[in-house]
Amino acid sequence: MSVNFGLSEEQIALRDLAHDFAKNAIRPVAAHHDETGEYPWGVLTQAHEVGLLNTHVGEENGGLALGAMDGMVLAEELAWGCSGVGTAMEANGLAQQPVILGGSESLKARFLTPMTEPGRERPQMCAYAVTEPGAGSDVQGLKTSAVKRGDKWVLNGAKMWITNAGVAEWFFVVAVTDAAKLARGGMTAFVVPANTPGLTVGKKEYNMGQRCSDTRGLTFDDVEVPEENVVGQVGDGWKLAMAAFDYTRPAVSCAAVGVARAAMEHALQYATERKTFGQPIANHQAIQFMLSDMAMEVDAGRLLCWKSAWMKDAGLRNTKEAAMAKAFCADMVMRTTTNAVQIYGGYGYSEEYPVEKLMRDAKIFQIYEGTSQIQRIIIARELLTRNK
């Protein structure tokens, strides 16, 4: 059996397009958006124009229908530019994926097709709304409810830490429809337009890093959703929400690789220029060991991401591999950016130098889309299940 670690000509072209976009459109404005928290509408509009948004939407809905491996190539380069901007872009994919997987053709036509239409003054954005103020990884703690009344569902409750909430045209929402079952079929998924009466979007959260990624809470107060906005079947909500992660966790993991790669490149450049004891600090073994660890871990992380994406594209179950990529890359990017700050020394602690931002941006990878601890639980569960 042959093994190929290379990219196709099409993927190389996609990578080059994304890298040039990150270099010329994202990096020049990354510091501004980090300082102000301003949503990067200008960058997203350009990304939409060149085809870097909504890339996994099917061709029947105007998209490119790119595969999971293609997503790895994009995610790494965009996050190399700025992971805050990259997260704003990738948040569309997380909300869209359950609709792509389980939505009716009518639902896709109504909510996915408008997102791919060219010539818009601004692209349409959407958001994945599952986490709640008292429940993230704890599915038993979800409280947002949906009750059937006539031909409508009425939603009540609250969501928290919702990326793109302040700019979304619509939300993918999971609500409890049978409290006795919960994850075993007691939750249902809905597409909820942002302008639906009773839906309130909260204040923007100013976070440690990835500050231009718009994060807010949502409140549902007797929000009426028509039956045709149910995603999949009643009771499929949790299954669809989790199935999306098998596609998006590898991409988020590869975004962590992009941040780590950026930190390594900055650290390597600085180490060849900064001198102590009459020579570049790159000549000191202590610095060389840190740079070597960075290089090894960046490559290892990328290969984990590529494997999990390859499995998904091949139609194989990749839950364990996606969790392994997420756990490893999240912890790896934190180590790599921390070591980059260490190599810079006092300068690394200053906002005048780029690695300080990268270290702040890195932390969220250990938290969103499932914490590093939750990934380890998933990995262990998969191992034990397969062993049986």
| query | Going by the structure shown, is Ala127 over 15 Å from Trp238 (Cα atoms) and part of a loop (DSSP other than H, G, I, E, B)? | reply | no
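Evaluate the following for Arg15: is it out of contact with any Pro (no Cβ under 6 Å at 6 or more places or on another chain) and over 22 Å from Tyr247 (Cα atoms)?
Numbers: out of contact with any Pro (no Cβ under 6 Å at 6 or more places or on another chain): yes; over 22 Å from Tyr247 (Cα atoms): no.
It is false that Arg15 is out of contact with any Pro (no Cβ under 6 Å at 6 or more places or on another chain) and over 22 Å from Tyr247 (Cα atoms).
List the helices (runs of 4 or more DSSP H) inside segment 35-113, counting only whole elements, that have at least 1 residues being touching a Lys or Arg at 6+ places or on another chain (Cβ under 8 Å) and among the acidic types (Asp, Glu). Steps first, answer last, please.
Numbers: elements: 41-50, 68-81, 83-102, 105-111.
Output list reads 68-81.
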| query | Under the condition of being among the hydrophobic types (A, V, I, L, M, F, W, C) and closer than 20 Å to Ile367 by Cβ, which residue from segment 203-237 is farthest from the chain's Cα centre (by Cα)? | reply | Leu218
| Subset of segment 130-150 that is aliphatic (A, V, I, L, M) and outside any loop (DSSP other than H, G, I, E, B) - its residue that is nearest to Glu60 (Cα to Cα) | Ala146
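Confirm whether Ser145 is at pLDDT 95 or above, within 30 Å of Ile378 (Cβ to Cβ) and surrounded by fewer than 20 Cβ atoms within 10 Å (Cβ to Cβ). Reasoning before the result, please.
Values: at pLDDT 95 or above: yes; within 30 Å of Ile378 (Cβ to Cβ): yes; surrounded by fewer than 20 Cβ atoms within 10 Å (Cβ to Cβ): yes.
It is true that Ser145 is at pLDDT 95 or above, within 30 Å of Ile378 (Cβ to Cβ) and surrounded by fewer than 20 Cβ atoms within 10 Å (Cβ to Cβ).
In segment 1-34, how many residues are of a type in the set (Phe, Trp, Tyr) and assigned to a helix (DSSP H, G or I)? If you could, list the steps in order and put the result at the bottom.
To start, the set of residues in segment 1-34 that are of a type in the set (Phe, Trp, Tyr) comprises 5, 21.
Those still in the list that are assigned to a helix (DSSP H, G or I) too: 21.
Qualifying residue count, segment 1-34: 1.
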| request: Inspect segment 102-124 for any residue being over 28 Å from Pro28 (Cα atoms), touching a Ser or Thr at 6+ places or on another chain (Cβ under 8 Å) and outside the structural domain of Lys312 (by TED's automatic domain parsing) and give the result as yes or no. | output: no
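For segment 365-388: of the residues being among the hydrophobic types (A, V, I, L, M, F, W, C), assigned to a helix (DSSP H, G or I) and without any contact (Cβ under 8 Å) to a residue 60 or more places away in the chain, which is surrounded by the most Cβ atoms within 10 Å (Cβ to Cβ)?
Checked segment 365-388; the qualifying residue surrounded by the most Cβ atoms within 10 Å (Cβ to Cβ) is Ile378.
Within segment 338-356, can one find any residue that is within 20 Å of the chain's Cα centre (by Cα) and under 28 Å from Trp161 (Cα atoms)? I'd like the intermediate steps shown before the answer.
Step one: filter segment 338-356 for residues within 20 Å of the chain's Cα centre (by Cα), giving none.
The answer is no; no qualifying residue exists.
The values are calculated or read from the model by the stated rules, or taken from the named source; none is laboratory data. Note that the structure is predicted; figures quoted are calculated from it, not measured. Every residue, glycine among them, receives a Cβ derived from its backbone with ideal geometry; neighbour counts consider all protein chains shown.
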